[in-house]
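Everything on this sheet refers to the single structure shown next.
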Amino acid sequence: MPANTERTAQGRYLTGGLDEKRFQRVFDVIQKQQAANRRNAKRTLTSSALTKKTAADLAKLGSKENGEPFTKDDLKRFEQERNSHKKRFNAKTTGITYHQLVSGSREIDIKRANNQSDDGRGITKANLSGIRANTVLIRVKASSKSVHENHLVKIRLDEWDDLLNDPPAGNYKQAVKEACRGRISIDCDCGRHQYWYRYLATMGNYCVAPPKEFSYPKIRNPELKGVACKHVLKAAVMLQSVAWHGVLARQMEVQASKIGYADDRKSKHVLTASELKEASKNRSTKINSAKVQAEYRKYKKAQAGLAKKLTSGKKEIEKLRKQANKIRKQANTIKKKDQELTKMRDMLRMSFTMFHDMRVAGGSTKADSIKAFAKKMNVSESKLKQVLK
Ligand SMILES: [Zn+2]
């Protein structure tokens, strides 16, 4: 075993006394063991069984909570739930914002994250443990009821690379602040995340992988409700604090000035004792759900307003384009008329010159010729004079 993996009689890991480096290594082992357990799972609703919906596959699924067998209609409903979840969290873009994370979460998970639940499952403590490239590792103390001592939450800051390369006004602290509020992806080793939320995170494209989960949570969370467990919620709200931004900003700067591949093993950083002390001064420890939801509504409203503005802007542009076309057509007609007039004037001048030349021999003056030519062409003398000017 590469790390201290002491376990209790129930087979749980003792992670309380470990320093950050050992702590992170133990969780690498835990992740491998969970993956092995996962492969042995029974009655799993795989992606292909959900797609094909054969009677043989249905028979292997066991029964619903009410004891009845799963039907084809159940699977059709699951597919609909999955598709609307993908749409709601815009699966084409990696990550979801902090606002989306909180707004979409179940009230009970938020209460437990804030230690405001009365079921003994509230949690109280978390601290930064390390960073691997753009993924932040957070050690979260388990609830008093839990058999575990700690959980390891992984939050990938999906806008980190962009902000690292172009920090606002050259300020890495501001860059980190924006990265923590921006799109993030999540993972936690706890059962809640594994059995309720990992499938949602995978389908919504906001999971830190591996591990990905393709099997539908048909018993635990068939309606695909909620987003994050209390540990992820706690870690996410604490990521909004200046105390953590300071530590992370220094790592962003280190990565920004580093030679070598951006995500190689040297991009791993384990917090030092003094950094742990600095990070423990975090004051952003409770989620203000009402405030976050109000901000999220405001954001969505602004987005809707922007979309409306864009649509009306498009209409305005179309109107202007039509007007411009009309004016251009009119201008073309005027230009054409102008050209015809010029042509007529030139012809008149030429004819008059010939007319006058013939009369000069007979002793006619120019004034005489104009008078005679005007009569011949049936125009007034003054108009003819204007043309000949
Ligand atoms: Zn968790």
Shape of region 89-150 from its Cα gyration tensor (a ≥ b ≥ c, root eigenvalues): rounded if a/c is under 1.5, otherwise prolate when a/b > b/c, or oblate?
oblate
Taking the full set of protein chains and a 1.4 angstrom probe, give the accessible area of Lys309 in square angstrom, rounded to the nearest 10.
150 Å²
Among Leu384, Ala324, Ala304, whose Cα sits farthest toward the positive end of the charge dipole of the chain (+1 at Cβ of Lys/Arg, -1 at Cβ of Asp/Glu, about the Cα centre)?
Leu384
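Calculate the dipole size of the chain relative to its Cα centre from +1 charges on Lys and Arg beta carbons and -1 charges on Asp and Glu beta carbons; express the result in debye to the nearest 20. Walk me through the numbers before you get to the answer.
Working: 83 positive and 40 negative charges, 372 e Å.
Computed charge dipole of the chain: roughly 1780 debye.
Could you put Glu318, Glu340 in order of accessible surface area, largest first, with the 1.4 Å probe and the full protein assembly present? Don't skip to the end; give the middle numbers.
Values: Glu318 75, Glu340 110 Å².
If we order Glu318, Glu340 from most to least accessible, we get Glu340, Glu318.
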Of all GluC sites (Glu not before Pro) in region 152-234, the ones in DSSP coil with at most 14 other Cβ atoms within 10 Å are Glu223
Where a ≥ b ≥ c are root eigenvalues of the Cα gyration tensor, a/c under 1.5 meaning rounded, otherwise prolate if a/b exceeds b/c and oblate otherwise, region 56-212 counts as oblate
Quote the charge dipole size of region 171-246 about the Cα centre in Debye, to the nearest 20; the model charges only the Cβ of Lys and Arg (+1) and of Asp and Glu (-1).
140 debye
If amide H atoms are built 1.01 Å from N in the plane of the peptide, which residues on other chains or at least 5 residues away come under 5 Å of the amide H of Tyr216?
Leu45
Kindly identify the chain as rounded, prolate or oblate by the Cα gyration tensor criterion: order the square roots of the eigenvalues as a ≥ b ≥ c, call it rounded if a/c is under 1.5, otherwise compare a/b with b/c, prolate if a/b is larger, else oblate.
prolate
Applying the Karplus parametrisation 6.51 cos²θ - 1.76 cosθ + 1.60 with θ = phi - 60° to the phi angles of region 130-145, what ³J(HN,Hα) value in whole Hz is obtained for each residue in order, glycine and proline being reported as x?
x, 9, 10, 6, 9, 10, 8, 9, 10, 8, 10, 6, 6, 5, 5, 7
Pop out the carbon and sulfur fraction of the accessible area of region 20-287 as a percent, whole number, probe 1.4 Å.
47 percent
Positive dipole terminus of region 41-184, leading residue within Ala55, Thr71, Gly130 (C-beta point charges):
Ala55
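Measuring with a 1.4 Å probe in the full set of protein chains, what accessible area per residue, in whole Å², belongs to the chain?
Per residue, the chain has 61 Å² of solvent-accessible surface.
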For region 273-284, 3J(HN,Hα) per residue [Karplus equation, 6.51 cos²θ - 1.76 cosθ + 1.60, θ = phi - 60°, Hz, x = Gly/Pro]:
4, 6, 5, 4, 5, 4, 5, 6, 7, 4, 9, 8
Per the Kirkwood definition applied to all pairs of different Cα atoms, how many angstroms is the hydrodynamic radius of region 228-359?
23.2 Å
If amide H atoms are built 1.01 Å from N in the plane of the peptide, which residues on other chains or at least 5 residues away come under 5 Å of the amide H of Asn150?
Thr15, Ala142
Accessible surface of Ile219 in the full protein assembly, 1.4 angstrom probe, to the nearest 10 Å²?
60 Å²
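In deg cm²/dmol, rounded to 500, what helix-only [θ] at 222 nm does the chain give when every DSSP H run of at least 4 residues adds -39500 (n - 2.57) and the total is split over its residues? Walk me through the numbers before you get to the answer.
Numbers: 15 runs with 208 residues, N = 389.
Mean residue ellipticity, 222 nm, calculated: -17000 deg cm²/dmol.
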What's the magnitude of the charge dipole for region 1-134 around its Cα centre, counting Lys and Arg as +1 and Asp and Glu as -1 at the beta-carbon? Answer in Debye, nearest 20.
520 debye
Kirkwood Rh over alpha-carbon pairs of region 319-388 plugged into Stokes-Einstein at 10 °C, 1.306 mPa s gives a D in µm²/s of 110 µm²/s
Lysines near Lys371 by alpha-carbon distance under 22 Å, same-chain residues fewer than 8 away left out - which ones?
Lys383, Lys385, Lys389
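Return the ratio Rg/(2.2 N^0.38 Å) for region 138-251, where Rg is computed over Cα atoms only. Spell out each step's value before the answer.
On the way: Rg = 15.5 Å, N = 114, 2.2 N^0.38 = 13.3 Å.
Compared with the compact-globule rule of thumb, region 138-251 sits at 1.16.
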Taking the Cα centre of region 319-388 as the origin and placing charges on Cβ (Lys, Arg +1; Asp, Glu -1), which of Thr353, Ala367, Ile334 is farthest toward the positive end of the dipole?
Ile334
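The values are calculated or read from the model by the stated rules, or taken from the named source; none is laboratory data. These numbers come from a predicted model, not from an experiment. Note: ideal-geometry Cβ built from the backbone for every residue, glycine included; neighbour counts use all protein chains shown. Heads up: the accessible areas ignore ligands, DNA and RNA and are worked out on the full protein's heavy atoms, side chains in. Shrake-Rupley method; radii C 1.70, N 1.55, O 1.52, S 1.80 Å.
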